Amino acid sequence: MLEIKNLVSGYGDIVVLHQLSLHVNQGEIVGILGANGVGKTTLLKTISGLLKTREGTITYSEREIQNISPYKELGLGIAHVPQGRHIFSKMTVLENLQISLDNARKKLNEKQRLEYVLSLFPELKDRLNQAGGTLSGGEQQMLAISRALIADPTLILLDEPSMGLAPIVVQNVFQAIKRISDSGTTILLVEQNAVAALDIVKRLYVMDMGRIVYESQQIDEKELEKIKEVYLGMDVS
């Protein structure tokens, strides 16, 4: 579904991604793990068109999409949930969701899509008429994911969905991400929270200094211990 080859990208004169390659198959949850500052967010911004590709190709459903606009990518079925949520704080929860419906790639049944996202995040049901900026951090993250999901994307790019959330909220959010995947939506998940991510991903890549330094095709118990200890610096003793 998504294939990236020899990608080079960055900011101004600074190159962040160096000849990076990866792929995501339809229906997978693929994780990208790594410390802060290794280029994970830059990767998602480049995929979604917020940053220009300097070299390499990004192919989605057999179409090269590097350097097309984020709006056009949304029309292809790619939704980006950015780090920091970026909801419309003065608009209500319902208005945040309706904006995505208005910009969806195809005409959707508003009632059905709303019922679907509220089944994943029932906490939002009693908040529909509440301003987004008054929600808790966890509720804002749920809204950010719902805003992307309600437009019925085929691929969701999730950037650090656990950031700043209490452990119980992280658990709830990641359970919802798993259910989204089970419904057929493909997910590319960027995370620093390795424990949460490793519970749901089918395959993963580890990034360091703008490069892929490790790729796991199948995560068994032995592989999991190696990933935690060698690549993520976690004490597994």
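Which length gain, in nm to one decimal place, applies between Q175 and K72 when the Cα-Cα distance is subtracted from 0.36 nm times their residue separation?
34.1 nm
Mind checking which aspartates and glutamates have their Cα closer than 20 Å to the Cα of K178? Skip sequence neighbours fewer than 8 apart in that chain.
E28, E115, E123, E139, D152, D159, E160, E191, D199, D220, E221
Sort V173, V81 by Cβ crowding within 10 Å, fewest neighbours at the top.
Going from sparsest to densest Cβ surroundings: V173, V81.
Of all beta bridges DSSP finds with both residues in the chain, what is the antiparallel percent, to the nearest 5?
The antiparallel proportion sits near 55 percent.
Based on alpha-carbon centroids, what's the gap between region 123-187 and region 46-117 in Å, whole number please?
Comparing the Cα centres of region 123-187 and region 46-117, I get a distance of 14 Å.
For L108, what charge total do you get from the other residues with a beta carbon under 11 Å from its beta carbon, if Lys and Arg give +1 and Asp and Glu give -1?
That works out to +2.
A short reminder: the numbers here are calculations on the coordinates, not readings from a lab. Since this is a predicted model, take the numbers as computed values, not measurements. For neighbour counting, all protein chains shown are included, and Cβ atoms are generated from backbone atoms with ideal geometry for every residue, glycine included.
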